[in-house]
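The values are calculated or read from the model by the stated rules, or taken from the named source; none is laboratory data. Everything numeric here is computed off the predicted structure, so don't read it as measured data. In this analysis, Cβ positions are derived from the backbone assuming ideal geometry, glycine residues included, and neighbour counts consider all displayed protein chains.
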Amino acid sequence: MAVSATLAINEAVIRRRQDGQRVVAMGFGEAGLPVHDELRDRLAAAAGEGGYGPVAGIEPLRLSVAGHFDRRGLPTSASQVVAGPGTKPLLYALLQAVGGSVALPRPSWVSYAAQAALLHQVAAMVPTLPGQGGVPDPEQLEQAAIDARATGQPLRAVVLTLPDNPTGTLASTDVVSAVCDVAERHDLIVISDEIYRDLIHDPDTGFVSPAELAPERTVVTTGLSKNLALGGWRLGVARMPDGARGAALTEHLTEIASELWSSPAKPVQHAAAWAFTEPEPLRQRIDASRRLHAMVARSTAERFELAGATVAPVGGAFYLYPDFGAHRELLQRRWGIETSDDLARVLIEDHGVATLPGAAFGDPPQRLSLRVATSLLYGESSEERTASLTAPDPLTLPWISTQLDQVDDALRVLLGP
């Protein structure tokens, strides 16, 4: 198995920049913002906590996370919370704990299918509806469940991403509700990856978690890597389902965790326990982050649209998913582009714009789609990134505008007359 595409593109950008090349980094989904001062201070204060701690997490963290979910309309007890060293290993352990085949939206985050493959599980890729990224088309999910049962490898779980990576869209309540109905009929565990929930661009946008609709079969995962840009701290949490089934799954998950990671780093847990109480300084930081992500992602989407790509309206996180299918003949004739891998390769090698091909997210190779991440446009230094957070119009900052101009130039040469 190759290195994860998102990590590989980040390393490729670093190498090219070390060689003196100007590269716009739009492949890696790191939040790209400074650590809040108070979080850094709390981590330092807990540095002496060198013991392992409970497998599921220290009690202050689990209580704090329970309160986090309570405030989002999901009454939660500390016993329902399991913490891990990032949501990625939690998701892997969850797939192992549930077992069997899993349904994934197409396209979807690169690691879902890779983790299923590592576990020798069948991953059924189910297309999404237009503008409803992160959630499988309910009708096609129904058929996939029927087909899987007929083969003797029935689906056991379905993964949702709300809002979505790679498309930056947020599925509607109706679509989420319909998927929960399918899960009920076919007895599926719903794994709802809500790591980007706090970064929905318009906080007044209606949001429904599957845990509200199917509380006894839904696991919700989240963390601090996106809303507070703490990816390197490696701390994720899972809210386990209500009832006896959830208790049994929690026990199985912690058994697996005890053999995989023992417990999350205790100093990080202490700092995270404070973060999940959502104190005012962190609420202000998340609000500023949401505004910045929305402005830059939307402006970037407009540039791709003006160039001729099709882009679903972005509503969350810092992603967009342009499709160049309308220009297939031109791209093949001018650049020899026949697949999304070709498209991404030409953009980075000939134009210095790093993206990821849609094929990395489960799309058919011939679909000329790209996953574009805008969160590393905010500057190289902590000072630039802080200025990006506070600027009235971050799009006018030279380190952002220069990179977006390079994207415009690349698209103009790629598709222009």
Consider only pairs whose beta carbons are under 9 Å apart and that are at least six residues apart or on different chains; among these, list those whose first residue lies in segment 128-149 and is in contact (Cβ under 8 Å) with a residue 60 or more places away in the chain and whose second residue is acidic (Asp, Glu).
Gly133/Asp164
Check segment 103-118 and report whether any residue there is under 24 Å from Pro281 (Cα atoms) and crowded, with 22+ Cβ neighbours inside 10 Å.
no
Residue match in segment 195-208 (condition: modelled with pLDDT under 95, closer than 20 Å to Leu320 by Cα and of a type in the set (S, T, N, Q))
yes
Quick one: Ala312 ticks every box in (1) surrounded by 19 or more Cβ atoms within 10 Å (Cβ to Cβ); (2) part of a helix (DSSP H, G or I) except a single one, so which number is it?
(2)
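Considering segment 23-46 alone, what residues qualify as being among the aliphatic types (A, V, I, L, M) and in a loop (DSSP other than H, G, I, E, B)? Spell out the reasoning first.
So in segment 23-46, the residues among the aliphatic types (A, V, I, L, M) come out as 23-26, 31, 33, 35, 39, 43-46.
Hits for segment 23-46 are Val23, Met26, Ala31, Leu33, Val35, Ala46.
Have a look at Gly379, Gly352 and point out the one that is touching a helix residue (DSSP H, G or I) at 6+ places or on another chain (Cβ under 6 Å) and surrounded by 18 or more Cβ atoms within 10 Å (Cβ to Cβ).
Selected residue: Gly379, the only one of Gly379, Gly352 that is touching a helix residue (DSSP H, G or I) at 6+ places or on another chain (Cβ under 6 Å) and surrounded by 18 or more Cβ atoms within 10 Å (Cβ to Cβ).
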Hits in segment 183-202 (condition: touching a residue at least 60 places away in the same chain (Cβ under 8 Å) and either in the same structural domain as Ala317 (by TED's automatic domain parsing) or assigned to a strand (DSSP E or B) (or both)):
Ile189, Ile191, Asp193, Ile200
Which residue is surrounded by the most Cβ atoms within 10 Å (Cβ to Cβ), if the candidates are limited to segment 211-223 and must be of a type outside the set (A, V, I, L, M) and closer than 15 Å to Pro75 by Cβ?
Thr218
Go through (1) over 19 Å from the mean Cα position of the chain (by Cα); (2) in a helix (DSSP H, G or I); (3) without any contact (Cβ under 8 Å) to a residue 24 or more places away in the chain for Gly20 and report which single condition fails.
(2)
Number of the exception - Pro392 against (1) in contact (Cβ under 8 Å) with a residue 24 or more places away in the chain; (2) exposed (fewer than 15 other Cβ atoms within 10 Å of the Cβ); (3) not hydroxyl-bearing (Ser, Thr, Tyr)
(1)
How many residues, within segment 224-250, are farther than 15 Å from Val82 by Cα and either surrounded by 23 or more Cβ atoms within 10 Å (Cβ to Cβ) or touching a residue at least 60 places away in the same chain (Cβ under 8 Å) (or both)?
8
Pull up segment 330-346, narrow it to residues that are buried (at least 18 other Cβ atoms within 10 Å of the Cβ) and touching a helix residue (DSSP H, G or I) at 6+ places or on another chain (Cβ under 6 Å), then point me to the one that is farthest from Pro127 (Cα to Cα).
Val346
If a residue has to be more than 19 Å from Val407 (Cβ to Cβ), charged (D, E, K, R) and not in a helix (DSSP H, G or I) to count, how many in segment 315-349 make the cut?
1
If you check Ala56 against the conditions, is it farther than 28 Å from Val110 by Cα, among the aliphatic types (A, V, I, L, M), over 20 Å from the mean Cα position of the chain (by Cα) and assigned to a loop (DSSP other than H, G, I, E, B)?
no
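Being of a type in the set (Ser, Thr, Tyr) and either closer than 20 Å to Leu230 by Cβ or part of a helix (DSSP H, G or I) (or both) is the filter here, so list the residues in segment 85-101 that pass it.
Of all residues in segment 85-101, those of a type in the set (Ser, Thr, Tyr) come to 87, 92, 101.
Matches in segment 85-101: Thr87, Tyr92.
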Can you confirm whether segment 63-84 contains a residue that is part of a helix (DSSP H, G or I) and among the basic types (Lys, Arg)?
no
Six or more apart or on different chains, Cβ atoms under 8 Å: show the pairs whose first residue is in segment 76-88 and closer than 15 Å to Ala265 by Cβ and whose second is among the aromatic types (Phe, Trp, Tyr).
Gly84/Trp261; Pro85/Trp261
Show the residue pairs meeting these rules: Cβ distance below 9 Å; 6+ apart or different chains; first residue within segment 163-182 and outside the structural domain of Gly133 (by TED's automatic domain parsing); second residue assigned to a helix (DSSP H, G or I).
none
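Any residue at all in segment 112-123 that's within 16 Å of Ala178 (Cβ to Cβ), of a type in the set (S, T, N, Q) and in a loop (DSSP other than H, G, I, E, B)? Write out each step before concluding.
Taking segment 112-123 first, the residues within 16 Å of Ala178 (Cβ to Cβ) are none.
No, segment 112-123 contains no residue that is within 16 Å of Ala178 (Cβ to Cβ), of a type in the set (S, T, N, Q) and in a loop (DSSP other than H, G, I, E, B).
Please find, among Thr254, Thr277, the residue that is over 21 Å from the mean Cα position of the chain (by Cα), of a type in the set (Ser, Thr, Tyr) and not in a loop (DSSP other than H, G, I, E, B). Working first, answer last.
Working: Thr277 fails: not in a loop (DSSP other than H, G, I, E, B).
Sole residue among the options that is over 21 Å from the mean Cα position of the chain (by Cα), of a type in the set (Ser, Thr, Tyr) and not in a loop (DSSP other than H, G, I, E, B): Thr254.
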